[in-house]
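Trainee: So that we are looking at the same thing, I have put the structure below in structure tokens.
The values are calculated or read from the model by the stated rules, or taken from the named source; none is laboratory data. It should be emphasised that the depicted structure is a prediction, and the values quoted were computed from it without experimental measurement. Here the Cβ positions follow ideal geometry from the backbone for every residue, glycine too, while neighbour counts run over all protein chains shown. Surface areas here come from the heavy atoms of the whole protein model, side chains and all, with no ligands, DNA or RNA. Shrake-Rupley method; radii C 1.70, N 1.55, O 1.52, S 1.80 Å.
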Amino acid sequence: MRNMMPKTVALLASSALLVAGTAQADRSEWPDNFTVGTASQGGTYFVYGSGWANFIADELDVSGGGEVTGGPTQNLALVHSGDMAFGLTTMGPASDAVNGESPLAPGLAMDNVCALFPMYETPFSIAALSSSGIESISDIPDGARIGFGPAASTSDTYFPAILETLGVEFDRRNGGWSDLGGQLQDGLLDVIAFAAGIPIPAVSQLEVQTDVNIIEFTEEEMATVLDAFPVAEFTIPASTYTTLEEDARAVSMWNFAIAGCDLPEDFIYEVTKATMENNDRMRSVHRSAETTIPENIVHNKVLPFHPGAARWYEENGYDIADDMIN
């Protein structure tokens with residue numbers, strides 16, 4: 001008989017009952033199910049997004065799951081169009097999308113995409129088989145066959161330009177990370193240029209089966225890339241991979257979860273609340289979720305926050321400028 005409780009009694013109930021009562025009262029406007037756009041199997045987006053979807057489905061008792069996509073650029077388009085409720089993206093493609101510069105829809109400003117929460121930084125890292133003799137970016141031979149991940153992904157959008165800026169000439173290949181990892185092991189590729197949260201499952205699997213070189217940026221190469229692209233300095237900890245004996249220099253780009261701006265405010269409030277208040281659970285999904293914390297909302301300077309997400313942040317002492325709320 002919970003729905004018949006007088007309002008005055010409900011106001012005196014525990015916070016857990018209040019949350020349940022709120023969700024119960026507002027569910028008439030909630031979607032019956034939801035899908036999270038991730039990326040290819042074998043990449044961090046797929047693991048993180050599918051795990052997060054399952055967590056939210058369990059926590060809010062709404063059917064939902066992750067779906068394989070082409071990655072951040074396609075996720076922006078799918079969320080904007082309403083084909084998916086949620087998606088995962090990076091700040092570079094997000095900036096392009098809101099400015100009408102997405103390669104998937106040139107001239108279309110994607111204004112139905114709102115930020116939910118910070119995920120993690122995506123390092124741009126490079127791997128080659130030890131047997132190749134490639135130990136640095138300058139070692140990559142002209143015409144090297146380089147796998148850049150799914151077409152139109154963050155990696156495929158930015159890493160070719162980064163390597164071209166560093167003077168590398170290559171034969172560009174695309175595919176899912178697991179598939180590219182297999183091609184590297186079989187000698188069909190010379191290098192894989194990853195833009196994915198660490199540890200990258202495809203690299204961890206490779207390490208078990210063969211000897212791998214994790215190739216870092218030199219200080220000079222890093223300075224060149226920082227000057228030319230919307231990225232930040234990043235260090236891959238030696239503990240990330242068994243191959244690494246010491247920390248490795250890299251660059252990175254922030255990732256955020258996104259939602260359709262037209263989704264119900266109360267639904268998004270509960271999604272944000274569950275995510276931000278259960279970091280232990282999120283870290284069990286993928287250890288990169290260590291940075292899935294509200295303090296990192298400051299790294300979004302591109303997308304407006306969904307009003308439901310903004311309400312949770314502001315209630316918990318995190319200020320968001322009015323012009324950054326949809």
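Trainee: Filter segment 174-207 down to the residues that are touching a helix residue (DSSP H, G or I) at 6+ places or on another chain (Cβ under 7 Å) and open to solvent by 20 Å² or more (accessible area, probe 1.4 Å), then identify the one that is farthest from M253 (Cα to Cα).
Mentor: Step by step, filter segment 174-207, then rank; the result is Q185.
Trainee: Specify the residue that is farthest from V68 (Cα to Cα); the eligible residues are those in segment 155-173 that are surrounded by fewer than 18 Cβ atoms within 10 Å (Cβ to Cβ) and within 22 Å of the chain's Cα centre (by Cα).
Mentor: Among those that are surrounded by fewer than 18 Cβ atoms within 10 Å (Cβ to Cβ) and within 22 Å of the chain's Cα centre (by Cα), it is A161.
Trainee: Evaluate the following for A94: is it assigned to a helix (DSSP H, G or I), open to solvent by less than 40 Å² (accessible area, probe 1.4 Å) and touching a helix residue (DSSP H, G or I) at 6+ places or on another chain (Cβ under 8 Å)?
Mentor: Details: assigned to a helix (DSSP H, G or I): yes; open to solvent by less than 40 Å² (accessible area, probe 1.4 Å): yes; touching a helix residue (DSSP H, G or I) at 6+ places or on another chain (Cβ under 8 Å): yes.
So A94 passes the test.
Trainee: E245 versus (1) without any contact (Cβ under 8 Å) to a residue 12 or more places away in the chain; (2) closer than 30 Å to S28 by Cβ: which is the lone unmet condition?
Mentor: (2)
Trainee: Please verify whether segment 43-50 includes one or more residues that are small (G, A, S), in a loop (DSSP other than H, G, I, E, B) and touching a Ser or Thr at 6+ places or on another chain (Cβ under 6 Å). Spell out how you get there, then give the answer.
Mentor: Let us first name the residues in segment 43-50 that are small (G, A, S), namely 43, 49-50.
Filter once more, so that each one left must be in a loop (DSSP other than H, G, I, E, B): 43.
Add one more test, that the residue is touching a Ser or Thr at 6+ places or on another chain (Cβ under 6 Å), and what stays is none.
No, because not a single residue in segment 43-50 is small (G, A, S), in a loop (DSSP other than H, G, I, E, B) and touching a Ser or Thr at 6+ places or on another chain (Cβ under 6 Å).
Trainee: Of (1) more than 20 Å from F117 (Cα to Cα); (2) open to solvent by 70 Å² or more (accessible area, probe 1.4 Å); (3) at pLDDT 95 or above, E67 satisfies all except one. Which?
Mentor: The number of the failed condition is (1).
Trainee: Here's something else I'd like to know. In the list A289, A321, A248, which residue meets the criterion of being of a type in the set (A, V, I, L, M, F, W, C) and open to solvent by 50 Å² or more (accessible area, probe 1.4 Å)? It would help to see each step written out before you state the result.
Mentor: Values: A289 fails: open to solvent by 50 Å² or more (accessible area, probe 1.4 Å); A248 fails: open to solvent by 50 Å² or more (accessible area, probe 1.4 Å).
Going through A289, A321, A248 in turn, the sole match is A321.
Trainee: Let me ask something else about it. Evaluate the following for A257: is it within 23 Å of V36 (Cα to Cα) and either modelled with pLDDT under 95 or not in a helix (DSSP H, G or I) (or both)?
Mentor: Numbers: within 23 Å of V36 (Cα to Cα): yes; either modelled with pLDDT under 95 or not in a helix (DSSP H, G or I) (or both): yes.
Here the answer is yes, as A257 does meet what is asked.
Trainee: Please go through segment 105-123 and pick out each residue that is open to solvent by 10 Å² or more (accessible area, probe 1.4 Å) and under 29 Å from P199 (Cβ atoms). Quick ask: steps written out before the conclusion?
Mentor: If we filter segment 105-123 for residues that are open to solvent by 10 Å² or more (accessible area, probe 1.4 Å), which is where we start, we get 105-109, 111-112, 121.
The answer is E121, and nothing else.
Trainee: Then there's this: Take segment 97-133 and flag every residue that is of a type in the set (A, V, I, L, M), within 26 Å of R311 (Cβ to Cβ) and part of a loop (DSSP other than H, G, I, E, B). Give the steps one after another, and end with the answer.
Mentor: As a first pass, look at segment 97-133 and keep what is of a type in the set (A, V, I, L, M): 97-98, 104-105, 108-110, 113, 115-116, 119, 126-129.
Of the ones still in play, those that are also within 26 Å of R311 (Cβ to Cβ) are 97-98, 109-110, 113, 115-116, 119.
A109, M110, listed by residue number.
Trainee: Cβ contacts < 9 Å: first residue within 26 Å of Y45 (Cα to Cα) and at pLDDT below 95, restricted to segment 137-160; second residue among the basic types (K, R) and in a loop (DSSP other than H, G, I, E, B), any location; separation 6+ or different chain. Result?
Mentor: none
Trainee: A further question follows. Do we find that T218 is open to solvent by 40 Å² or more (accessible area, probe 1.4 Å), modelled with pLDDT of 95 or more, of a type in the set (S, T, N, Q) and over 30 Å from H306 (Cα atoms) in this structure? Talk me through it step by step, then tell me what you get.
Mentor: Numbers: open to solvent by 40 Å² or more (accessible area, probe 1.4 Å): yes; modelled with pLDDT of 95 or more: yes; of a type in the set (S, T, N, Q): yes; over 30 Å from H306 (Cα atoms): yes.
Here the answer is yes, as T218 does meet what is asked.
Trainee: Same structure, new question: Hey, can you tell me all the residues within segment 82-91 that are modelled with pLDDT under 95 and not in a strand (DSSP E or B)?
Mentor: Answer for segment 82-91, where residues must be modelled with pLDDT under 95 and not in a strand (DSSP E or B): just M91.
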